[in-house]
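A short worksheet on the structure shown next.
Every number in this text was worked out from the coordinates using simple rules, so none of it is lab data. Model, not experiment: these values are computed from the prediction. Counting neighbours? That spans all protein chains shown, and the Cβs are built from the backbone with ideal geometry, glycine included.
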Amino acid sequence: MDFFPIFLNIRNKSCLVVGGGAVAERKIALLLKSAADVVLVSPELTHDLTTWRDMGRLNHQARGFQDEDINERHLVIAATDDPQLNRHIAELAHARRTPVNVVDQPELCSFIVPSIIDRSPVVAAVSTGGASPVLARLIRSRLESLIPAGYGRLADLCNRFRQRVKEHFSKPEERRLFWDRVLEGGVAERVFSGHDEEADQLMERLLADPRLDQEMGEVYLVGAGPGDPDLLTFRALRLMQQADVVVYDRLVAKPILEMTRHDAEHVYVGKERDKHAMRQEEINKLLARLAKQGKRVLRLKGGDPFIFGRGGEE
């Protein structure tokens with residue numbers, strides 16, 4: 001690795017940005033989200049920077065850069081359109097051992113700003129070490145679609161119950177197993193579905209009786225669509241990858257089936273004219289029996305199960 005990945009606490013810390021253009025605006029937006037005390041030095045500002053200044057969100061010095069501007073800063077960002085000035089700012093920062101980022105000149109940087117997936121308090125960062133910011137943004141956009149917005153709320157739930165779980169389970173291994181069940185089971189699914197209150201209630205019940213989670217199974221009915229994995233919804237993919245048992249029919253394409261958990265049990269219940277691997281009544285009973293065993297069951301049906309199958313009945 002060319003850069004050590006690290007997250008900095010800059011809350012209420014003085015951070016200097018030199019430059020008032022669009023690039024500086026993007027950097028400042030991130031600093032403000034991190035509750036930094038932003039000092040901006042630039043004779044001119046973009047519209048949004050002017051708005052933030054008027055709102056009192058940053059300290060604007062309407063002039064050119066002066067060497068003393070860099071004193072007592074927690075970090076520095078040089079974002080001017082003058083390469084020589086940017087280099088000078090970097091040299092001053094390095095001499096003071098102050099972290100500095102110089103836009104589009106990674107060789108002058110002691111830190112770089114990655115592309116970010118923000119699901120606060122969950123934050124994921126993607127970096128190419130300054131080699132290709134465009135590639136980093138492309139990777140970020142792919143990851144954005146795979147990380148539900150609910151992960152932030154799920155992290156908040158974990159934080160609320162963290163101390164109680166620690167008090168309830170004395171051994172680290174017990175806590176790890178408990179959190180594994182929470183984050184891959186019904187609690188997480190309720191958060192992702194927007195039922196946060198139900199998730200809290202289930203957590204309370206699990207703390208009162210941890211065995212309850214082992215006894216509670218669930219059945220997820222998922223339509224596999226026309227067979228192209230790229231057409232699956234993100235929620236369908238998530239459920240496919242956390243199921244203990246996959247009950248599938250003849251119309252489910254092989255590429256779709258390969259996206260389920262590799263260690264999951266697969267049960268074929270396909271039906272053709274005058275040839276049934278399992279009758280509908282038996283399928284219904286199978287789903288119920290597996291759920292009662294505490295398993296997460298994925299009923300995977302080809303197409304739209306409510307139009308072409310008996311999804312409503314199941």
For a footprinting-style exposure proxy, rank LYS254, LYS301, LYS166 by other Cβ within 10 Å, fewest first. LYS254, LYS166, LYS301
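Percent antiparallel among DSSP beta bridges with both residues in the chain, to the nearest 5? Mind dumping the intermediate values first?
Values: 8 of 37 bridges.
Bridges in the chain that DSSP calls antiparallel: roughly 20 percent.
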Footprinting exposure proxy for TRP52, TRP179 (fewest neighbouring C-beta atoms within 10 Å first): TRP179, TRP52
Number of Lys-Lys pairs in the chain under 27 Å by Cα, sequence gap 8 or more or different chains? 18
Can you compute the equivalent ellipsoid semi-axes for the chain, i.e. the square root of 5 times each eigenvalue of the Cα gyration tensor, sorted largest first and rounded to whole Å? 52, 24, 16
What angle, in degrees between 0 and 90 and rounded to the nearest 10, separates the Cα long axis of helix 83-95 from the longest principal axis of the Cα atoms of the chain? 90
Packing-based exposure ordering (other Cβ within 10 Å, fewest first) of LEU40, LEU138: LEU138, LEU40
Charge dipole of the chain about the Cα centre (unit charges at C-beta), most positive-ward option of VAL252, VAL39, ALA291: ALA291
Rh by Kirkwood over Cα pairs, then Stokes-Einstein D for the stretch 14-113 at 0.890 mPa s and 25 °C, µm²/s: 187
Using distinct alpha-carbon pairs, which all enter the 1/r mean, Kirkwood radius of the stretch 149-215 in Å: 11.8
Efficiency of FRET from Cβ geometry, GLN280 and ARG26, R₀ 45 Å, rounded to 0.05: 0.20
Dipole size in debye (nearest 20) for the chain around its Cα centre, Lys and Arg Cβ +1, Asp and Glu Cβ -1? 720
Percent relative contact order of the chain, based on C-alpha pairs within less than 8 angstrom and at least six residues apart? 11
Normalised by the number of residues in the stretch 54-153, what is the relative contact order in percent for Cα pairs under 8 Å and 6+ residues apart? 17
